[in-house]
Amino acid sequence: MASRRNPSFNNPKPCPHLSSYREKHGLSGYESLQKSLRSSPSGRTVLSRLQSTNPTCSSCPNTSIGRLYFCLICSSISCPSHAASHSLSFPGHDISVDVERAELFCLSCADQVYDPDFDSAVVAAAAKILHPPLRRRRRKPLLMLLPPPVAMSSFRGIRTALRHPWGLRGLNNLGNTCFMNSVLQALLHTPPLRNYFLGDHHKRDVCRQRRRRRGALAVAGGGEGPCLACVVEGVFLDVFSGDRKPYSPARFLYSWWKHSSNLSGYEQQDAHEFFISILDKIHDKELSGFNSKGIVDCHCIAHSVFSGILRSDITCTVCGFTSTTYDPCVDIPVDLETVYNTDKSASPADKTRLSTLAGSLDLFTRPEKLGSDQKLYCQNCRVKQESVKQMSIRRLPLVLCFHVKRFAHSVIRRTSKKLDQYMQFPFSLDMTPYLSSSIIRNRFGNRIFAFEGDESDLSGEISSEFEVFAVVTHSGRLDSGHYVTYLRLRNQWYKCDDAWITEVREEVVRALQGYMIYYVQKVLYHRSGEERVIPGTGCF
């Protein structure tokens, strides 16, 4: 009934080549492929039993580097450079399987495709791998006998095999959707968001009734489409249901497409742009307004959790007059602060560029003298004068998101590049030095509070001590690559790579090239870490 009323909630329509393959061959190709699946040392399900232990592209035998695709029709293997030519030379040979990841790939579309029946075949094969017949079982290390990927959730580790963190669940890649999965993992484990949606504070039934009344007036215009916040609540309920199978957020993806038509499709998107888009679509404009200071004060869940206020001071270098503006923000963009190893005895390999989050925040709040071509109008001098600009944080959000600017663009050269530079970040962060109250005190002394006494009061509304709980990374080139999220749950780190969940050491996380780093107030992090056992699920 619901699917007829809301056809947009159906799974995204597969590519025409996949539909054609299914009409001709059904599930026979998937079922025969189960015999060629095995579990790799990393715990992933991969293809094996190929003609060669080191498979290479059929068109360039000397090339074995990079991704390889196994044609489901003729069993030919193609590298990315010859994938399209194979489908052109052999019409109908469009659907293949990624040898390394055991995922469907369309050679004609040059993109991943999603078929739940194929996922079922892979899960069934993984279950056989995890539970072989006793007569064929050999003595193996304990780790090999535990569920590495527990078929259902691709979860590994001795401790985690017995106690599974509540809501930690892999997300299936629906076709270049790693950008979505990485952000969703961070949002799903953001304590205030989790408490809001799992606590039924969104009131989905009331929202549906309200939107149904508004939709009845907009039938001629095609209606408003599904409420994204309602769909997000559904994702929370499904992921935290206790089921450990990888979850397919197809309904959410299609709903987001309805709200962001300019970003719809299976092309790779930027994870940060997706994050901003999701918060913008969840934002309920009816609840927003302006306070006495003229600052947007929205009470929707997206801004209640992520929104802070930045302060910008423009000071005239001639008369000292300061013009102050306030702007809301849902993340803080930081540049990679560069520091060189000045030790003369260090080898060239050791003289690498280093960067720290603290240094980048110092750079963000450091006074910046604007150039002569950026003169601004001074209300006191009544002419354009050279000035100094300084940023600070007037109000902290419950959850801090730092966006590390890793993509540099040159307008003059018309080129873009990715900055592969490591940034050291602390697990515990004190934001006091970067608050407006601290910046103003350092600049003018305590006397300034005779005029700006509201800054100290506003800065104290929210604690300045934070704990990191999620890090989103990007590997690969500027125009392509892969997003992965690392989650910190109960002081244990987990790598969330689409459907695969892996327990990792703290040292691995400290060496990451973070793209988006999420911090939550320390008191909220510790509250979220309180043990909570879900009866009958074995999860905490």
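The values are calculated or read from the model by the stated rules, or taken from the named source; none is laboratory data. Everything numeric in this text was worked out from a predicted model, so none of it was measured. Neighbour counts run over all protein chains shown; Cβ positions are idealised from the backbone, glycine included. Calculation scope for accessible area: heavy atoms of the full protein, side chains included, ligands and nucleic acids excluded. Shrake-Rupley method; radii C 1.70, N 1.55, O 1.52, S 1.80 Å.
Observations on the structure shown:
- Count of region 259-286 residues, restricted to those that are more than 19 Å from Val232 (Cα to Cα), surrounded by 15 or more Cβ atoms within 10 Å (Cβ to Cβ) and at pLDDT below 65, is 1.
- For region 227-250, the set of residues classified as open to solvent by less than 30 Å² (accessible area, probe 1.4 Å) and of a type in the set (A, V, I, L, M) consists of Leu228, Ala229, Val231, Val232, Val235, Val239, Ala250, listed by residue number.
- When each of Pro367, Pro348 is tested for being surrounded by fewer than 16 Cβ atoms within 10 Å (Cβ to Cβ), over 23 Å from Gly476 (Cα atoms) and either touching a Phe, Trp or Tyr at 6+ places or on another chain (Cβ under 9 Å) or modelled with pLDDT under 80 (or both), the lone residue that passes is Pro348.
- Filter result (closer than 18 Å to Leu419 by Cα and modelled with pLDDT of 90 or more) within region 511-529: Gly514, Tyr515, Met516, Ile517
- Test: residue in region 68-78 that is on the phi > 0 side of the Ramachandran plot, open to solvent by 20 Å² or more (accessible area, probe 1.4 Å), at pLDDT below 70 and assigned to a loop (DSSP other than H, G, I, E, B): no
- Residue that is least open to solvent (accessible area, probe 1.4 Å), among those in region 377-397 that are of a type in the set (A, V, I, L, M) and outside any loop (DSSP other than H, G, I, E, B): Ile393
- Any hit, region 187-198, residues being over 19 Å from Gln521 (Cβ atoms) and either modelled with pLDDT under 85 or open to solvent by less than 40 Å² (accessible area, probe 1.4 Å) (or both): no
- Restricting attention to region 308-321, the residues that are farther than 23 Å from Leu396 by Cα and open to solvent by 20 Å² or more (accessible area, probe 1.4 Å) total 6.
- A Cβ distance below 9 Å, combined with a sequence gap of six or more or placement on separate chains, defines the contacts here; from region 504-515, residues that are over 19 Å from Val334 (Cβ atoms) reach residues that are open to solvent by 60 Å² or more (accessible area, probe 1.4 Å) and part of a loop (DSSP other than H, G, I, E, B) in the pairs Glu506/Asn491.
- Against the list (1) farther than 17 Å from Asn172 by Cβ; (2) in contact with a Ser or Thr (Cβ under 8 Å, 6 or more places away or on another chain); (3) buried (at least 17 other Cβ atoms within 10 Å of the Cβ); (4) modelled with pLDDT of 85 or more, the condition Gly92 fails is (3).
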